[in-house]
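Below: the structure, in structure tokens.
Read-outs throughout are calculated quantities, based only on the coordinates presented, and are distinct from any laboratory measurement. Owing to the predicted nature of the structure, the values given are computational and were not obtained by experimental measurement. Ideal geometry is used to build each Cβ from the backbone, glycine not excepted, and the neighbour counts take in all protein chains shown.
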Amino acid sequence: MRLFLTLMTSVLLSSVASVTQAQSVESKAFCVFDVAGASGYVYQTLQTYQRHAIAEGVRLRMQPYTDEDQVVADFRAGECDMIAVTDMGARKFNGFTGSISAIGAIPRYEDLKVLMYILASPRVARHLEADGYEVMGVAPMGAAYLFVNDRSINNVDALRGKRVTIFEGHEDARHMIRFIGAEPVDAKISNFAQLFNDGQADISYAPGAAYEVLEMFRGMGERGGIVRYPVGQVTVQLFARSGTFDESFVRESRRIVSRLYPEVMRVIREYEDAIPEERWVDIPPEAMQDYQEMLRGVRVEMQDSGQQALASIAYNEDMMTILRKVRCYTNPGADECSSEDRE
């Protein structure tokens, strides 16, 4: 009998401890932008992050959004404790990580992998908090490719005169379009694919997943394709107000997100591999070099030609230096690594 009572007491105490621990787990509203909603790969990937957060004592109530502007508005209104947005949304809160999407600044996934490692390091922590907001992590969404309605648009000169969708706030892309003599078409993440599919734009840039998820094959018609050269990298970035989470979780959050990289890249490559091979537009090596030098020239010209105010909005100097060092680390023979007008 005494043994039975002892066992029952132990079970009851264990139950009470479990309830107390569950009640002590912090609960926060996590608003996630994914153009495909809860079925999208960004939302589903961040469910893994959510499970890891619980192990760290933070319970996140995830809410999917298909409108990024609404996520930002709700965050500013205090309805979200943490948000997940794209680079365009990130630029509203942190210029350092917002500069990751600088045109042509991360041409290869090898570069991106190195950058993701750097962002999880304490060495750059001071750049991840600004104006009352903290970056809680950065993960890839895929390289941005040019979706074109004519396969002959396969070199820099062929871009002249073409209509290109430009996201609100992506001023460096707007400057590039004008630099090469093309025509910008104002767009938002919520409608850029529709503009392309409806024929209101000849070119739009997006991750490979947009081919299937946003049905951008419709805008290609029979003559179009996807230029197999990344003009940038799209990322999902997590933000919270400073002080919302304790410092230990902020550091762990960044590590958790960085460890998602292999799984996220697996999904990204699945989407890219699912695109029919005949839809890809391959360009010769010399054209790739022309693209890279043109994009670098746009960034340098924007910073050196009286456009400093615009450049300061689009580019964080410290991030641009890091990105240049990453590119020269993975490709030391590039012209920019020995050029006098280095970023």
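Given that compact globular proteins tend to follow 2.2 N^0.38 Å, what is the ratio of the alpha-carbon Rg of the chain to that value? Working shown, then result.
Working: Rg = 22.4 Å, N = 343, 2.2 N^0.38 = 20.2 Å.
This ratio for the chain stands at 1.11.
Looking at the chain as a GNM with Cα springs under 10 Å, which of D290, D34, D131 has the largest mean-square fluctuation?
Looking only at D290, D34, D131, the largest GNM fluctuation is found for D131.
Distances longer than 16 Å among the Cα atoms of segment 175-284: what percent of all pairs is that?
70 percent
List the relative contact order of the chain as a percent without decimals, with contacts defined as Cα pairs under 8 Å and 6+ residues apart.
On the way: 569 pairs, mean separation 77.8, N = 343.
Dividing the mean separation by the residue count of the chain yields 23 percent.
If each DSSP helix of 4+ residues adds -39,500 (n - 2.57) and the sum is divided by the residues in the chain, what number results at 222 nm, nearest 500 deg cm²/dmol?
Values: 15 runs with 156 residues, N = 343.
Mean residue ellipticity, 222 nm, calculated: -13500 deg cm²/dmol.
Using Cα springs under 10 Å in a Gaussian network model of the chain, which residue among V213, V234, V250 shows the largest mean-square fluctuation?
V213
Label Q200 and R51 with points 7 Å out from Cα along Cα→Cβ: what is the distance between them in nm?
4.1 nm
Which of rounded, prolate or oblate describes segment 94-230 when judged by the alpha-carbon gyration tensor and an a/c cut-off of 1.5?
Values: a/c = 2.05, a/b = 1.91, b/c = 1.07.
Since a/c reaches 1.5 and a/b is larger than b/c, the shape of segment 94-230 is classed as prolate.
What is segment 190-290's relative contact order, in percent, from Cα pairs under 8 angstrom and six or more apart in sequence?
The normalised contact order for segment 190-290 reaches 38 percent.
Between I283 and S39, what is the label-point separation in nm under the 7 Å Cα-to-beta-carbon projection?
Result: 3.4 nm between the two label points.
Which percent, nearest 5, of DSSP beta bridges in the chain are antiparallel?
Numbers: 25 of 44 bridges.
Roughly 55 percent of the beta bridges in the chain run antiparallel, per DSSP.
Give a quick list of trypsin sites (Lys or Arg not before Pro) in segment 212-247 that DSSP marks as loop, anything other than H, G, I, E or B, with at most 13 other Cβ atoms within 10 Å. Kindly include the intermediate steps, with their values, before the conclusion.
Working: sites: R218, R223, R228, R241; in loops: R223.
Qualifying residues, ordered by number: R223.
Near V114, within a Cβ-to-Cβ distance under 15 Å, what is the net charge of the other residues, with Lys and Arg +1 and Asp and Glu -1? Could the numbers behind the result be given before it?
Numbers: positive: R108, K113, R123, R324, K325, R327; negative: E110, D111.
Net of charged neighbours comes to +4.
From Cα pairs below 8 angstrom and at least 6 apart in sequence, can you work out the relative contact order of segment 67-216, rounded to a whole percent?
Numbers: 171 pairs, mean separation 32.1, N = 150.
Result for segment 67-216 is 21 percent.
Within the set of other residues whose C-beta is less than 14 Å from the C-beta of L128, count the net charge using Lys and Arg as +1 and Asp and Glu as -1. Don't skip to the end; give the middle numbers.
On the way: positive: R123, R126, R241, R251, R254, R255; negative: E129, D131, E134, E247, E252, D318.
Charge balance near L128 sits at 0.
Could you give the angle, 0 to 90 degrees to the nearest 10, between helix 41-55's Cα long axis and the longest principal axis of the Cα atoms of the chain?
Roughly 30 degrees between the two axes.
What net charge do the residues around I153 carry, taking every other residue with its C-beta under 12 Å from that of I153, with Lys and Arg at +1 and Asp and Glu at -1?
Values: positive: R151, R160, K162, R163, R223; negative: D150, D157, D202.
Taking every Cβ under 12 Å from that of I153, the sum is +2.
Need one word for segment 145-212: rounded, prolate or oblate. Basis is the Cα gyration tensor (sqrt eigenvalues a ≥ b ≥ c); a/c below 1.5 gives rounded, then a/b vs b/c decides. Intermediate values should be presented prior to the final figure.
Values: a/c = 1.64, a/b = 1.13, b/c = 1.45.
It comes out oblate by the Cα gyration axes.
For the chain, modelled as a GNM with alpha-carbon contacts under 10 angstrom, which of Q233, Q63, Q289 fluctuates the most?
Checking each option, the largest mean-square fluctuation is seen for Q289.
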